[in-house]
Amino acid sequence: MVLLEFSMSPMDKGESVSIYVSRSLKIISESGVDYRLNPMGTVLEGEWDEVMSVVKKCYETMRSDCKRITCSVKIDYREGGKGRLASKMASVEDKLGRKLKT
């Protein structure tokens, strides 16, 4: 199972790019892949081809009307089942003995 965190945005559309980012979130939410949005990107959980397909769709959509795009990707592979989006946070909270802001 893969956790993939990515951030993608156009570099040629000025300071505010939320309209372009929101198009990617529509693709992500409709993909069926489990995800968590954070202020600096999105974390996807699934099989390699599944999560990479979502990133590719986001890129292709952004590429349709953006001349320059930046994308950072971080991947964590670990054998085992789903649920690491929640279990990684729960493990840290358990060790701290309290809930964290998420």
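The values are calculated or read from the model by the stated rules, or taken from the named source; none is laboratory data. None of these values were measured; they are calculated from a predicted model. Note that each Cβ is placed from the backbone with ideal geometry, even for glycine, and that neighbours are counted across all protein chains shown.
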Query raised in the report: Based on what the data block shows, is residue 40 more than 9 Å from the chain's Cα centre (by Cα), more than 15 Å from residue 75 (Cα to Cα) and modelled with pLDDT under 95?
Result: yes
Requested in this report: Evaluate segment 62-76: report whether one residue or more is loosely packed, with under 12 Cβ neighbours inside 10 Å, under 16 Å from the mean Cα position of the chain (by Cα) and under 22 Å from residue 1 (Cα atoms).
Outcome: yes
Requested in this report: Could you give me the residue pairs with C-beta distances under 8 Å whose first residue belongs to segment 36-61 and is in a strand (DSSP E or B), whose second residue is crowded, with 17+ Cβ neighbours inside 10 Å and among the small types (Gly, Ala, Ser) wherever it lies, and which are 6+ apart or on separate chains?
Outcome: 42/24
Report summary line: Inside segment 62-93, the number of residues satisfying the requirement of being over 28 Å from residue 17 (Cβ atoms) and assigned to a strand (DSSP E or B) is 1
Report summary line: A careful count of residues in segment 28-46 that are crowded, with 17+ Cβ neighbours inside 10 Å and touching a Ser or Thr at 6+ places or on another chain (Cβ under 7 Å) gives 3
Report task. For residue 84, state whether it is at pLDDT 95 or above, surrounded by 11 or more Cβ atoms within 10 Å (Cβ to Cβ) and either among the charged types (D, E, K, R) or out of contact with any strand residue (DSSP E or B) (no Cβ under 7 Å at 6 or more places or on another chain) (or both). Result -> no
Query raised in the report: Just to be sure, is residue 49 within 19 Å of residue 78 (Cα to Cα), exposed (fewer than 12 other Cβ atoms within 10 Å of the Cβ) and of a type in the set (D, E, K, R)?
Result: yes
**Report entry** Residue in segment 13-26 that is polar (S, T, N, Q) and in contact (Cβ under 8 Å) with a residue 40 or more places away in the chain present
**Finding:** no
